[in-house]
């Protein structure tokens, strides 16, 4: 029985907040959807407003997977994930518990408000609580802020979270692959995020060095 449990698919928390850069989270979901992974999603209500503003995509928690699949022309047969949504304001459900088993958590994009709440242990919603639990249980936690420039307060909060064990991964895609579309930029970040979540499949070709 222990062996069977050990071989289970990954189970992760994906949080999407109301920061600019909604496409980073949507494209990460695209790549995760093609994996046999269990995704427990927590979405800030503001995320959907930003998604409409930046990508002209109108969606809801109930339709996000289908809307993402249509947006990126992902065939239904290629969707391998199990996706379950949890209410943003409910800090009493499964992702809030340290006894619930998860492999990792990512917040993409991560607003400065969310980052500050996690850095100081001030959990006012399920995203902040789940991140707080990830830190105390020593699970991988990846935060992807999209802000510029950073204030000293932002940098101090990032320092605190780094000391606590989180990975701060600003949405700063590389340009050495000569990106042509926004999707190229999203895929660069998705590749880095997935690697820190423990996924080995690449979304881009790895850097081979200069010829």
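Values in this text are rule-based calculations from the coordinates and carry no lab data. Being a predicted model, the structure only gives us computed values, none of them experimental. Note: ideal-geometry Cβ built from the backbone for every residue, glycine included; neighbour counts use all protein chains shown.
Each label point is 7 Å from the Cα along the Cα-to-Cβ direction; what then is the distance between the points at residue 136 and residue 60, in nm?
3.4
Give the order of 49, 138 when sorted by the count of other beta carbons within 10 angstrom, beginning with the fewest.
Lowest to highest Cβ neighbour count: 138, 49.
Taking a temperature of 37 °C and a viscosity of 0.692 mPa s, what whole-number D in µm²/s does Stokes-Einstein yield for region 94-211 with Rh from Kirkwood over alpha carbon pairs?
215
Pick from 66, 15, 130 the residue whose mean-square fluctuation is largest in a GNM of the chain, springs joining Cα atoms under 10 Å.
Most flexible of the set in this elastic network: 66.
As a check on your grasp of the helix formula, calculate [θ] at 222 nm for the chain: sum -39500 (n - 2.57) over DSSP H runs of n ≥ 4, divide by the residue count, round to the nearest 500.
-12000 deg cm²/dmol
Label points 7 Å out from Cα along the Cβ direction at residue 76 and residue 100: separation in nm?
Distance between label points: 2.9 nm.
Sort 58, 12, 50, 127 so the one with the fewest other Cβ atoms within 10 Å of its own Cβ comes first.
58, 50, 12, 127
Tell me, what is the FRET efficiency for residue 120 and residue 202 to the nearest 0.05, using R0 = 35 angstrom and their Cβ-Cβ distance as r?
Taking R0 as 35 Å, the efficiency between residue 120 and residue 202 is 0.50.
Compute the projected area of the convex hull of the Cα atoms of region 10-195, averaged over all viewing directions, and report it in nm² to one decimal place. Display every interim value, and only then the final one.
Details: hull surface 40.8 nm².
That works out to 10.2 nm².
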